[in-house]
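Note sheet for the following structure.
The values are calculated or read from the model by the stated rules, or taken from the named source; none is laboratory data. Remember, predicted model here, so these are calculated numbers, not experimental data. Using ideal geometry, Cβ is built from the backbone for each residue, glycine included, and neighbour counts are taken over all protein chains shown. Heads up: the accessible areas ignore ligands, DNA and RNA and are worked out on the full protein's heavy atoms, side chains in. Shrake-Rupley method; radii C 1.70, N 1.55, O 1.52, S 1.80 Å.
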Amino acid sequence: MIIRHDDPFVPFDREPAEGRATKGHVPVAVPDEWVPQSSHAARLRVGARNLDQSVWVSPVDADWAPTLAMKRALVAERPAEVVACLDGAQEACDEVAMGVLASLGAPPTDEQGIDALVDTALRVADDLCILQEDAAGVPRLTAAVLCSPNRWRLAEKIGGTMAQIHGPVARYSSDLDSPVNAMLARLAAGRPVWRINWGITDHPSLFQPDVPPQVPGTDPATMWLRIEWQTLRRLPVTGAVLFGIRTHLQSLADFVAMRPRALVEDFADLILKLPEDVASYKSISPHRYALHEWLTSN
């Protein structure tokens, strides 16, 4: 069941409580450099950039408190949907917990294994996922605390390869599979990277594991830009990779109001140029021309 509402910190299948202070748009604006460019429309790109090795998670902002409250509720009430761990991932969970908490200047957790990963994930706004190579050297998702899924379910992806996890992603096999595998293969300890994933949605829930049904004629002003700041870091002891995901949502109305006009027009051009299969995956196809017209006229 999918319930329509406008509170990003309430799951897609729950009604917001009356009088919630967070109801409405998210006040945090993502940096302009995170907004995708029209020149990237023809082909999907990994777009990995170097990250300061001291940075393990996103900086604290106004959305941290409501995000942490949402995560605590999900872990307490729906743990099977947001926490998963395979045998052999316990040491990597400990290493992630130690590294993340040390980067925050926080004391180490008293927990171990997946409990240490959960304790750590409940202190940061980012989701924490762990990739480890199998006997054939293929990276697989072996542990995660994932509270902001973008239309995928952790229970269905745990143990999967990158190709299996990203199976529904348009053009992943042709545009991203080889570059992603190459990036992971050369990812060295002490040289983390970050990249951006984006989409447009007419439902703002951070916890959104299912695809909401399309609503034709949706007003673009009520739609949301969803951007994931993704980090990848090789852990020096276990050799596992920490895949961090911080999800930001900004209403398109706020996006237009807060951005330079040239950036908004370039984004509108991107909406028009996206290949149909990519536009469909990003939930843009039914609204493509309305979005373009609205972005260029506001």
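The table that follows gives values for the structure above.
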read-out: Scan of segment 263-291 for residues that are under 13 Å from T218 (Cα atoms) and of a type outside the set (D, E, K, R), ordered by number; value: S283, I284, S285, P286, H287, Y289, A290, L291
read-out: Failed item, numbered, when V237 is tested on (1) of a type in the set (A, V, I, L, M); (2) surrounded by fewer than 16 Cβ atoms within 10 Å (Cβ to Cβ); (3) touching a residue at least 60 places away in the same chain (Cβ under 8 Å); (4) not in a loop (DSSP other than H, G, I, E, B); value: (4)
read-out: Of residues in segment 281-298 being open to solvent by 70 Å² or more (accessible area, probe 1.4 Å) and touching a residue at least 24 places away in the same chain (Cβ under 8 Å), the one farthest from Q37 (Cα to Cα); value: P286
read-out: Conditions (1) farther than 30 Å from D94 by Cα; (2) open to solvent by 30 Å² or more (accessible area, probe 1.4 Å): number failed by F255; value: (2)
read-out: Qualifying positions in segment 240-260 - modelled with pLDDT of 95 or more and either in a helix (DSSP H, G or I) or not polar (S, T, N, Q) (or both); value: A240, V241, L242, F243, G244, I245, R246
read-out: Selection within segment 272-297 - among the hydroxyl-bearing types (S, T, Y) and in a loop (DSSP other than H, G, I, E, B); value: S283
read-out: Helices (runs of 4 or more DSSP H) completely within segment 112-206 that count 1 or more residues being modelled with pLDDT of 95 or more; value: 114-121, 154-157
read-out: Candidates E111, E91, filtered to the one that is of a type in the set (D, E) and in contact (Cβ under 8 Å) with a residue 24 or more places away in the chain; value: E91
read-out: Residue that is among the β-branched types (V, I, T) and closer than 15 Å to W34 by Cα, where the choices are T247, T238; value: T247
